[in-house]
Amino acid sequence: MAYTEQTVAFIRDLEWGNLPAEVQHQSKRCLLDTLGGLLAGYETPVTQIMAQIARSQFPGDQASIMVSGERASVAGAVLVNGFAANALDIDDGYRRIMGHPGACILPVLLGAAQAVKGSGQAVTGTDFLTAMVVGYETGTRAGLIRHATYDTYHSSGSWGAICGAAAAGKLLGLSHDILWHALGTAEYHAPIAPMMKCIDVPAMGKDSIGWGCVTAMLSVLMAREGFTGIRSIFDDAPDPAIMDSLGREWEIMNLYFKPYAACRWAQPAVDGALQLIRENGIALDEIDTIRVFTFEESAALSRQYPENTEEAQYNIPFPIAAGILDKEVGPAQILPPRLFDTDIRNMMDKIEIIAQERFQRLFPEKAESEVEIVTRSGNRFNSGMMSARWDIHTTLPTDSELEEKFLWLAGPLLGDKKAVELKDYIWQIDRFKDLVQLYELCQRSVE
């Protein structure tokens with residue numbers, strides 16, 4: 001099949017003016033949401049480790065590390081920003097591939113845009129958004145093919161490296177041949193990481209997005225220097241429908257968004273518990289038992305007291321307990337000191353997790369759970385079947401809700417005033433002839 005040729009042509013030929021209005025708007029929503037998660041992820045332990053690695057192993061003055069404004073080589077900046085983008089697990093996702101395309105795309109584009117500027121050219125806002133759309137459209141399809149051709153559930157970086165290279169290749173204006181090799185090089189060197197191993201034993205590698213982003217950026221730079229790559233994954237499509245829809249059906253419209261800094265598989269239960277407490281006026285000290293009925297992958301999440309940020313994210317009772325007590329699950333909950341809070345741990349002790357086949361039959365197209373709360377007086381309250389909020393099967397967030405989420409995440413890092421300015425800038429980024437202000441607004445003010 002000639003799907004690689006089709007993909008290369010799609011990447012090179014796509015123009016902002018030819019995108020449907022709803023796709024143009026969705027690209028801004030995706031930028032707002034992913035950037036908020038990236039900025040908030042800066043202060044996590046994993047991002048600070050990678051910042052030190054960039055200083056020592058990838059020094060330079062080509063590109064910016066978000067929030068701090070430190071300079072590094074393009075690869076170094078992409079490395080840090082890539083780990084930051086998924087550090088909180090609060091970035092967008094695509095249900096059918098059980099992964100996170102936005103975090104695989106944005107860090108690469110932030111580096112690639114500065115590489116273009118370094119060559120004396122300017123990247124416009126529409127250039128940037130068009131390249132984002134390229135990333136989402138190629139990434140969702142690469143993920144579908146990856147999962148259809150391998151038995152093991154692979155992490156986002158395994159296909160994210162490919163779409164990151166596609167997006168960067170678009171932004172850098174690569175020729176047909178160089179782009180062809182960049183895609184194949186990204187696929188061949190992508191981190192083929194078995195996802196469930198990092199769910200069973202949560203670690204900083206997580207979804208391998210950080211290293212997938214670096215692979216994407218380096219693959220593009222290597223291809224420009226003459227490095228040759230294999231024929232890319234798109235020719236492996238087992239179902240022609242996956243690729244025949246490219247450029248006609250816009251998968252960027254089928255994303256879900258995340259209100260909580262936790263694995264998506266735990267989020268229906270968080271909402272279920274909160275809904276029961278709110279609608280029935282259940283006093284927290286009256287809760288005796290919380291039972292969560294769910295699918296096997298959700299039940300496989302850790303149930304132990306978390307000792308670090310990653311263990312808090314790949315956990316099921318922790319975000320439920322934190323959500324019940326704090327009415328939110330974000331950076332404040334999954335970072336110290338709240339991470340170790342006794343009240344959260346006491347609430348975790350009341351939560352039972354039960355896997356049931358009725359939920360398994362729906363997965364991965366839907367990730368659903370049911371919550372039952374039993375009070376000390378013996379009253380039972382049941383949520384019914386719950387889907388994760390802000391999903392294509394439920395109700396997607398409004399622009400206002402995404403703005404609130406962005407300010408919640410970015411405000412503590414940038415200051416409320418600058419966060420609002422950045423939010424407003426993103427909605428009108430397609431009017432700008434360069435991205436200088438974007439990088440300035442993403443930098444923490446020095447007091």
**Asked** So, of the residues in the range 406-439 that are aromatic (Phe, Trp, Tyr) and under 19 Å from Ala85 (Cα atoms), which turns out to be least open to solvent (accessible area, probe 1.4 Å)?
**Response** Phe406
**Fill in**
For Tyr136, the lone unmet condition from (1) among the hydroxyl-bearing types (Ser, Thr, Tyr); (2) open to solvent by 10 Å² or more (accessible area, probe 1.4 Å); (3) modelled with pLDDT of 95 or more is (2)
**Message:** Regarding the range 151-159, can at least one residue be identified that is touching a Pro at 6+ places or on another chain (Cβ under 9 Å), at pLDDT 95 or above and over 23 Å from Met50 (Cα atoms)?
**Reply:** no
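So that you can scan it fast, the table gives a plain yes or no per residue for (1) at pLDDT below 95; (2) of a type in the set (Ser, Thr, Tyr); (3) in a loop (DSSP other than H, G, I, E, B):
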| residue | (1), (2), (3) |
| --- | --- |
| Ala241 | yes, no, no |
| Ile252 | no, no, no |
| Lys258 | no, no, yes |
| Ala273 | no, no, no |
| Thr289 | no, yes, no |
| Val292 | no, no, no |
| Pro306 | no, no, yes |
| Ala322 | no, no, no |
| Leu325 | no, no, no |
**Asked** Do we find that Ser377 is of a type in the set (S, T, N, Q), open to solvent by 70 Å² or more (accessible area, probe 1.4 Å) and either touching a Ser or Thr at 6+ places or on another chain (Cβ under 8 Å) or part of a loop (DSSP other than H, G, I, E, B) (or both) in this structure?
**Response** yes
**Message:** Among the residues that make up the range 54-72, is at least one of them closer than 25 Å to Trp408 by Cβ, within 18 Å of the chain's Cα centre (by Cα) and of a type in the set (Gly, Ala, Ser)?
**Reply:** no
**Prompt:** Yes or no: Arg291 farther than 30 Å from Gly184 by Cβ, charged (D, E, K, R), surrounded by fewer than 23 Cβ atoms within 10 Å (Cβ to Cβ) and more than 26 Å from the chain's Cα centre (by Cα)?
**Reply:** yes
**Message:** So the check is Cβ under 9 Å with 6+ separation or different chains; which pairs have a first residue in the range 33-54 that's within 18 Å of Ala332 (Cβ to Cβ) and of a type in the set (Phe, Trp, Tyr) and a second one that's modelled with pLDDT of 95 or more and open to solvent by less than 10 Å² (accessible area, probe 1.4 Å)?
**Reply:** Tyr42/Ala51; Tyr42/Ile65; Tyr42/Met66; Tyr42/Val67; Tyr42/Val80; Tyr42/Asn81; Tyr42/Ala84; Tyr42/Ala87
**Prompt:** In the range 1-79, which helices (runs of 4 or more DSSP H) lie fully inside it and hold 2 or more residues that are touching a Pro at 6+ places or on another chain (Cβ under 8 Å)?
**Reply:** 21-40
**Message:** Residue pairs, Cβ under 7 Å, 6 or more apart or interchain, first in the range 1-23 and under 18 Å from Ala241 (Cα atoms), second small (Gly, Ala, Ser). List them.
**Reply:** Met1/Ala237; Tyr3/Ala237; Thr4/Ser232; Phe10/Gly247
**Item:** Complete set of residues in the range 364-374 that are in contact with a strand residue (DSSP E or B) (Cβ under 8 Å, 6 or more places away or on another chain) and either open to solvent by 20 Å² or more (accessible area, probe 1.4 Å) or more than 17 Å from Ala321 (Cβ to Cβ) (or both)
**Value:** Lys366, Ala367, Glu368, Glu370, Glu372
**Those helices (runs of 4 or more DSSP H) lying entirely in the range 147-235 with at least 1 residues open to solvent by 50 Å² or more (accessible area, probe 1.4 Å) and closer than 27 Å to Tyr314 by Cβ** = 176-189, 195-200, 209-224
**Message:** Looking only at the range 344-363, how many residues end up being in contact with a helix residue (DSSP H, G or I) (Cβ under 6 Å, 6 or more places away or on another chain) and either closer than 17 Å to Ala321 by Cα or in a loop (DSSP other than H, G, I, E, B) (or both)?
**Reply:** 5
**Item:** Unique residue being in contact with a Leu (Cβ under 8 Å, 6 or more places away or on another chain) and among the polar types (S, T, N, Q) when the list is Ser56, Ser68, Ser27
**Value:** Ser27
**Prompt:** Can we say Val201 is farther than 30 Å from Arg12 by Cα, without any contact (Cβ under 8 Å) to a residue 40 or more places away in the chain and among the β-branched types (Val, Ile, Thr)?
**Reply:** yes
**Item:** One residue from Arg361, Arg345 being farther than 18 Å from Arg264 by Cα and either surrounded by fewer than 17 Cβ atoms within 10 Å (Cβ to Cβ) or hydroxyl-bearing (Ser, Thr, Tyr) (or both)
**Value:** Arg345
**Item:** Qualifying residues in the range 76-118 (those that are of a type in the set (Gly, Ala, Ser) and open to solvent by 10 Å² or more (accessible area, probe 1.4 Å)) - the one nearest to Ile199 (Cα to Cα)
**Value:** Ala115
**Message:** For the range 177-200, give me each residue that is in contact with a Cys (Cβ under 9 Å, 6 or more places away or on another chain) and either charged (D, E, K, R) or closer than 14 Å to Leu221 by Cα (or both).
**Reply:** Ala186
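The values are calculated or read from the model by the stated rules, or taken from the named source; none is laboratory data. Treat the numbers as computed from the prediction; the structure is a model and nothing was measured. Reconstructed Cβ throughout: ideal geometry from the backbone, glycine too, with neighbour counts over all protein chains shown. Quick note on the areas: whole protein, heavy atoms, side chains included, nothing else; ligands and nucleic acids left out. Shrake-Rupley method; radii C 1.70, N 1.55, O 1.52, S 1.80 Å.
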